[in-house]
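Step one of this worksheet: look at the structure below.
Just so you know, all these numbers are worked out from the coordinates, no wet-lab data involved. The structure displayed is predicted, hence computed values, not measured ones. When we count neighbours, we look across all protein chains shown, and the Cβ atoms used for this are built from the backbone with ideal geometry, even at glycine.
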Amino acid sequence: MVNVILWMIADCEGGYWGIMDYKGKILLNNLEWIGEFVGNYAIFQKDYKFGLLRKDGRIIIPAKLDEIIIVDSNFIFYRVGNNWGIANSKGYILYEAQFNSFIKLNDSLFLITKGGECDIFNRCEGNKFGIINKNGNFLVPLKFDGISEIKDSFIEVSLNDAWGLMKLNGKLIIDVKYEDLFYLCSYVWFKENGKWGLMDLNKKILIKPKFFAINRIEGSNFIKTKIDEKWGLMNCNGKEILKNEFDNISYLGEGYFLVEKNNLKGVVDSFGKLIIDLKYKDISYSNGRFILYDGDYWRFKNIKFNYLEFVNGLLLAKKDGFFVIIDTNGITLIEFYYDSIKVFNNFIFAKKSNYWTLFNTKFEKISENIDSFIVFENFLKFRKSGKWGLISNNGNLFLDAEYDYIDSLDANGLIRIVKDGYFGLFDLNKGIILKPKYRFIYRFYKNVYKLITENNFNYFIYEN
């Protein structure tokens, strides 16, 4: 396959796209648009329809489709009207346009829907579900009313208001006959006659249906079970950890559970052993430490506070009207002085009167007398005396507070900066790449920027 260049010629009426090789030979032209190549293939547009072409300029699928999505170099979804079909990169139609929708489940599997009644927005009721791979083979037949997420190559399937379990090779493991069902760590919880029981993958009943409700505790392989408004706890293979005698059970993490009875809370471990007596109004946990609330005060290491919570592995506390930061060993990191404290992943802001002080995670002061701030994923903007500055997410000062405006990060990782009414560009990795000397800058196309100078001449610059 030849190496090619995409090119566009624009005029006052619009423009057209084409492909040339590196010797300047035009392979294809007069197209309205050409997308980026995926492997050796790209989508093109002509007469408001879409087709598929190769790098050598050969048209694989003529421009007669309403939409094309290239999954990889040999698997393509295409749309005609409101229906989707599937083709390969040779232009061979694997399935005519007949499906309502598709959803990517992972790198090789897709959930497909078909049938039912659809409105003008393609919202459908009564449609059927199946799962297809990138070879075009249906692993789960397109006949089910509902399909759950994939778990260990198993999938829960629904038909005519009944549920069963199927492997991704299409083999039915548990018959589709239960009111509800879900798979967890090689066992199957099933609902029959309004109650839940447990079976193994060979359909052997381990616990007869007796639970009024069951809930998997998020982030664990434990199951809450309910009988007569009381909750108990089991592991995923049905071993009882706590009897059904609690008003509520929730997971704290690292094998600890918060249990509640008669509005009082305590803690048990994953073996059912009581760690903290049921005598507190609230309990929080983080990194092997508990904080306890008795209704009047929060306690940590027998020290009383008016307010206390875990924030990013630290403790934010309030006492006598002032806030403090302490670590989980009880060591004070920021003293009792501030009226308010906000903790982010890589920053701590402490407020006194109307101004903020910025600390890094080493509790070193980075900047003081800050009016306001905005936190982004990779950096933060802060304002002092009406001017903006920029700090990295690890606490390094990028730009002093001397700019009229600092924009958010664009798709190329660049930030527009404005100083004394002039625009520049800033890169988080390289620093200032264009000093503020332009009347205006805007992103023209992908990584091309239009620069307007004092004399209104237009320039173009690539990111690099």
Rounded to whole Hz, the Karplus (6.51, -1.76, 1.60) HN-Hα couplings of the stretch 330-338, x for glycine and proline: x, 7, 6, 9, 10, 5, 5, 7, 8
Hits among lysines - C-alpha to C-alpha of LYS351 under 24 Å, sequence gap 8 or more where chains match: LYS304, LYS318, LYS319, LYS342, LYS362, LYS365, LYS381, LYS384, LYS387
Given 4 °C and 1.567 mPa s, compute D for the stretch 73-195 with the Stokes-Einstein relation, Rh being the Kirkwood radius over Cα pairs; round to the nearest whole µm²/s. 84
Correct semi-axes for the chain, from √(5λ) of the alpha-carbon gyration tensor and rounded to whole Å with the largest first, are 50, 45, 15
Using the Kirkwood radius built from alpha carbon pairs, what does the Stokes-Einstein equation give as D for the stretch 122-268 at 37 °C and 0.692 mPa s, in µm² per second? 196
Reachable aspartates and glutamates from LYS90, Cα under 14 Å, same-chain residues fewer than 8 places away excluded? ASP56, ASP72
Distant alpha-carbon pairs in the stretch 178-264 (separation over 21 angstrom), percent: 27
Along each principal axis of its Cα atoms, how long is the stretch 1-99 end to end? Whole angstroms, biggest number first, please. 41, 33, 16
Measuring from a point 7 Å past the Cα of ALA162 along Cα-to-C-beta, which residues in the stretch 190-204 have an amide N at less than 14 Å? 191-193
What is the diffusion coefficient of the stretch 370-464 in µm²/s, taking the Kirkwood radius over Cα pairs and the Stokes-Einstein relation at 37 °C with a viscosity of 0.692 mPa s? 241
Taking the alpha-carbon distance from LYS64 and a cut-off under 12 Å, which aspartates and glutamates remain once sequence neighbours fewer than 8 residues away in the same chain are dropped? ASP47
For the stretch 287-302 and the stretch 360-391, what is the separation of their C-alpha centers, rounded to whole Å? 32
